[in-house]
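The values are calculated or read from the model by the stated rules, or taken from the named source; none is laboratory data. These numbers come from a predicted model, not from an experiment. Every residue, glycine as well, gets a Cβ built from its backbone with ideal geometry; the counts of neighbours run over all protein chains shown. All accessible areas refer to the heavy atoms of the entire protein, side chains included, with ligands and DNA or RNA removed. Shrake-Rupley method; radii C 1.70, N 1.55, O 1.52, S 1.80 Å.
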Amino acid sequence: YDQKNAIVVARGKVEVNQNGTILLADRLTYYQTQNVVRAEGNVVVSEPNGDTYFAEQVQLRDDMKRGVINNFRVRMVDNSQFAAREAKKVTETETKLTKAVYSPCKICKGEDPFWQIKAGEVEINEEDQRVYYEDLQLELMGVPIMYTPYFFHPTPDTDRKSGILKPTYEQDSN
């Protein structure tokens, strides 16, 4: 603890619980005067709604309600996944992703998911219960099949809303 500069540093298996949000990391630095938390190494953030975020480095502010995550991955409550070069938690209910990929399919190491969405910009808005995409490309088994400049669908934890239907795959002898 650096009392003069109001900086707290924790190393090892660090765990922080703030209003139901749990942050795990190898190293955590808390800048008390700025209300900024910087976590490094095997960072995992578990939200009360069941979403789990993964990164190597995270900087959060305002009681972990806003922040920036580089090389971001998230497993949503329904096991769908997002990955992005960068994620910014703009507000408690809004996250913006840059160079993002989304898939509800199980992802195996070294294989493309059955289908996935790639986009330049993504906004996950929990208040509207929608995911908004810009510069979207839909891929099926790694092959681009559709492009659209703008698209949205309900968030994975939403019961029902209008939007795209989740495709299913069937095979028979015919």
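If you go through the stretch 118-163 and keep only what is of a type in the set (Lys, Arg) and either within 19 Å of the chain's Cα centre (by Cα) or at pLDDT 95 or above (or both), you end up with LYS118, ARG130. Within the stretch 39-56, being open to solvent by less than 70 Å² (accessible area, probe 1.4 Å) and of a type in the set (D, E, K, R) holds for GLU40, GLU47, ASP51. Selection of first residues in the stretch 87-101 that are within 16 Å of VAL45 (Cα to Cα) and of second residues that are open to solvent by 50 Å² or more (accessible area, probe 1.4 Å) and polar (S, T, N, Q), restricted to Cβ pairs under 9 Å at least 6 apart or on distinct chains, gives the following pairs, ordered by first then second residue: ALA87/ASN70.
Do you know which residues across the stretch 1-31 are within 30 Å of GLU127 (Cβ to Cβ), assigned to a loop (DSSP other than H, G, I, E, B) and open to solvent by 60 Å² or more (accessible area, probe 1.4 Å)? Walk me through it before giving the result.
So in the stretch 1-31, the residues within 30 Å of GLU127 (Cβ to Cβ) come out as 15-25, 28, 30-31.
Remaining after also requiring assigned to a loop (DSSP other than H, G, I, E, B): 19-20.
The answer is ASN19, and nothing else.
Quick check on GLU121: is it over 25 Å from GLY41 (Cβ atoms) and touching an Asp or Glu at 6+ places or on another chain (Cβ under 6 Å)? So GLU121 fits the description; yes.
Going residue by residue through the stretch 90-111, is there one that turns out to be in contact with a Lys or Arg (Cβ under 7 Å, 6 or more places away or on another chain) and among the acidic types (Asp, Glu)? Steps first, answer last, please.
Residues of the stretch 90-111 in contact with a Lys or Arg (Cβ under 7 Å, 6 or more places away or on another chain): 90-92, 95-96, 98-99, 101, 104.
Adding the requirement that they be among the acidic types (Asp, Glu) leaves 92.
Yes, that holds for at least one residue.
Quick test for you: out of GLY50, GLY110, pick the one residue that is farther than 21 Å from PHE151 by Cα and touching a residue at least 40 places away in the same chain (Cβ under 8 Å). Checking each option against the conditions leaves just GLY50.
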